[in-house]
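Engineer: There's a structure below that I have some questions on.
The values are calculated or read from the model by the stated rules, or taken from the named source; none is laboratory data. Bear in mind the structure is a predicted one, so any value in this text is a computation, not a measurement. FYI the Cβ positions are ideal-geometry reconstructions off the backbone, even for glycines, and counts take in every protein chain you see.
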Amino acid sequence: MRESATKKTLQALCCLFVALLLACSGFALSACGNSASSTDNNSNNARGKTLPQTILVVLNVNASAAYGKGAAAASKIGKKGILSTKVYLPENSSILTALRMAGVKYKASKSSLGGQYLTSIEGLAAGQLGAQSGWVYQIDGQLGTTAIDQTQLHSGDNILLKYVLNAAGMQ
């Protein structure tokens, strides 16, 4: 009889422990049954804070022109100088955030016009293969017109960072 009471006490303690764990992680438990419901990104978590929204973008880095010219740094980007990856980002992120979250090493400098521009990705620097060589970007096929740190991304955006040999001619 004593063994049965001990077993019930242990079950109750385990149930309480699980309920506390789930409550702290944003789940609600119904009477130690099988039903648990999670909160979505738009509602509040267990501590009353709003969870941040995330967006999904596709990040493409293309340094194939530099790879074709024998630039060793281009091979650090990916096979034949090309990288393509999906990245989850906080809402209102910039391209620089996408690069950082994807684990891509980059350098950016302040522009005299305001904002920042890319000076290198994985060691492949602007000007390395000629005075007009460097990084340009497109979002959904449209050439970027604002500074790279001021370009706000949206879910579903397809970002292309391309190393060109002649920025004036976009080759």
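Engineer: Only one of (1) surrounded by 15 or more Cβ atoms within 10 Å (Cβ to Cβ); (2) modelled with pLDDT of 95 or more is not met by K86, so which one is it?
Structural biologist: The single condition K86 does not satisfy is (1).
Engineer: Across the stretch 121-152, what is the total count of residues that are more than 21 Å from G70 (Cβ to Cβ) and either of a type in the set (G, A, S) or out of contact with any Phe, Trp or Tyr (no Cβ under 9 Å at 6 or more places or on another chain) (or both)?
Structural biologist: Number satisfying all stated conditions: 12.
Engineer: Looking at the stretch 120-140, which of its residues are over 20 Å from the mean Cα position of the chain (by Cα) and either surrounded by fewer than 16 Cβ atoms within 10 Å (Cβ to Cβ) or not assigned by TED's automatic domain parsing to the domain that holds K76 (or both)?
Structural biologist: Result: G123, G127, G130, A131, Q132.
Engineer: Take the residues of the stretch 141-171 that are of a type in the set (S, T, Y) and within 21 Å of E91 (Cα to Cα): which is modelled with the highest pLDDT?
Structural biologist: So the residue we want is S155.
Engineer: S64: at pLDDT below 95 and over 20 Å from the mean Cα position of the chain (by Cα), yes or no?
Structural biologist: no
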